[in-house]
Amino acid sequence: MKVGFVGWRGMVGSVLLDRMVQEEDFKNFEAKFFSTSEPGQLFNRKIKFVRDTILLDAFDVECLSECDVILTCQGSSYTSAIHPKLRKSGWNGFWIDAAKTLRMDDDSTLVLDPVNHLAIEMALNNGVKNFVGSNCTVSCLLMAIGALFKEGLIDWVSSSTYQAASGGGAGHILELLKQMGAIHQSVESDLKTLTNTILEIDKKVLDQQNKFSDDEISCFQVPLAGNLIPWIDHDMENGISLEEWKGHAEINKILGKNHLDKLNSIPVDFSCVRVGTMRCHSQSLIIKLNKDISLNEVEGLIQSANKWVNLVANTREETIHNLTPMSVAGTLTIGVGRLRKLSFGSDYLGAFTIGDQLLWGAAEPLRRALKYLI
Ligand code: HSE
């Protein structure tokens, strides 16, 4: 089997390759590496089991169509430009994608196998050829509380997200770090001498945030360091952001429900906020249960759903150490904690969950989808 990789140099692509090396996935197929910018150059990574080292042209449809599988983390513009051409040329291979472009198409299946492996198997049996990773908050949420959905216990969910800079890509993380550095520089002498009052220092920080040049905020458009941004992705012009729209649409699709069907879909409402963390997305959840089950039962269901959940006891000590972006960064752990019945009633459950946006949020479901196909 020939598998072509596109967009393997970006953040998600790099994390994907690292995971595949770790799991020795490359021994199972022949890998081809494509490039949108440097076809003909040498592939500059040494990977066990990978022999072909010349980069192929990611815009060459004929060359792409020699692959049985194309796995792309190149982004939605690439998918929009190439996928239709490739299909039109008669190529009938598997397309695995991180981008949003094809997610809601009828002939695409969203992949998150710990939650929907049966749907993936059924799709394969039915000849589906497009397999797409879902939005990162969606994957991380379902990895955390998918069991409660599956057991039919949920009336609706409200999620307030705290999304890391990495969701925008590598450039966004770098922008955040540069802003942090500039802010620190603006008060560095004050921090050493401590002659200015905290209010004077605070004022200098705000002045610095206000005077960032267009270049210094080119990714987020406003400063993220020492700030937060309660809007992610496009404006749908009906009061919600595209990121928020994806929550309801994609979760319901993964659960096998039509998100437009008001009677049968499960209402999921997101409020999406960008915060100055590195690579882990956090979510504060209000879950309306449709029956008053005990916290013990809830914990049991969540814990036994998959081996990556780390149930964190709802105490200050456990929470501040084990339910933070730092505690899960670079791992497949999905932290779930702050589980409690809310004051609104015993059928209202509060929870907080965190996952690495680049792993379960993006690369890992694709890696596992590829394994399924093979
Ligand atoms: N859209 C997400 C974000 C990242 O901006 O955080 C990928 O799903």
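The values are calculated or read from the model by the stated rules, or taken from the named source; none is laboratory data. Predicted model, so just to flag it, every value in this text is computed and none were measured. Counting neighbours? That spans all protein chains shown, and the Cβs are built from the backbone with ideal geometry, glycine included. Surface accessibility is based on the protein's heavy atoms, side chains included, excluding ligands, DNA and RNA. Shrake-Rupley method; radii C 1.70, N 1.55, O 1.52, S 1.80 Å.
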*Could you count how many residues in segment 234-258 are in contact (Cβ under 8 Å) with a residue 12 or more places away in the chain and assigned to a loop (DSSP other than H, G, I, E, B)?*
2
*Just one of I320, I302 is in a helix (DSSP H, G or I) and open to solvent by 20 Å² or more (accessible area, probe 1.4 Å); which is it?*
I320
_Filter result for A313 (open to solvent by less than 30 Å² (accessible area, probe 1.4 Å), away from the ligand (no atom under 16 Å from the Cβ), at pLDDT 95 or above and small (G, A, S))_ = no
*Do any helices (runs of 4 or more DSSP H) entirely within segment 132-196 hold 1 or more residues that are touching a residue at least 24 places away in the same chain (Cβ under 8 Å), and if so, which?*
136-150, 170-186
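Here's the yes/no breakdown for (1) within 27 Å of S304 (Cα to Cα); (2) of a type in the set (G, A, S); (3) more than 15 Å from the chain's Cα centre (by Cα); (4) within 14 Å of the ligand (Cβ to nearest atom):
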| position | (1), (2), (3), (4) |
| --- | --- |
| G93 | no, yes, yes, no |
| D106 | no, no, yes, no |
| T137 | yes, no, no, yes |
| H184 | no, no, yes, no |
*Restrict the check to segment 158-170 and report whether at least one residue is open to solvent by 10 Å² or more (accessible area, probe 1.4 Å), away from the ligand (no atom under 16 Å from the Cβ) and within 27 Å of R274 (Cα to Cα).*
yes
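Conditions (1) open to solvent by 60 Å² or more (accessible area, probe 1.4 Å); (2) at positive phi; (3) part of a loop (DSSP other than H, G, I, E, B); (4) at pLDDT 95 or above, marked per residue:
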residue	(1), (2), (3), (4)
V50	no, no, yes, no
C63	no, no, no, yes
T79	no, no, no, yes
I82	no, no, no, yes
N92	yes, no, yes, yes
I96	no, no, no, yes
A99	no, no, yes, yes
R103	no, no, yes, yes
_Is it the case, given these coordinates, that E216 is charged (D, E, K, R), open to solvent by less than 90 Å² (accessible area, probe 1.4 Å) and in contact with a Phe, Trp or Tyr (Cβ under 8 Å, 6 or more places away or on another chain)?_
no
*Can we say D269 is among the acidic types (D, E), surrounded by fewer than 17 Cβ atoms within 10 Å (Cβ to Cβ) and more than 23 Å from the chain's Cα centre (by Cα)?*
no
*Check segment 213-226 and report whether any residue there is farther than 30 Å from D105 by Cα, in contact (Cβ under 8 Å) with a residue 40 or more places away in the chain and within 13 Å of the ligand (Cβ to nearest atom).*
yes
*If you check L255, L295, L242, which single one turns out to be open to solvent by 20 Å² or more (accessible area, probe 1.4 Å) and within 16 Å of the ligand (Cβ to nearest atom)?*
L242
*When you look at E23, is it more than 26 Å from L332 (Cα to Cα) and at pLDDT 95 or above, yes or no?*
no
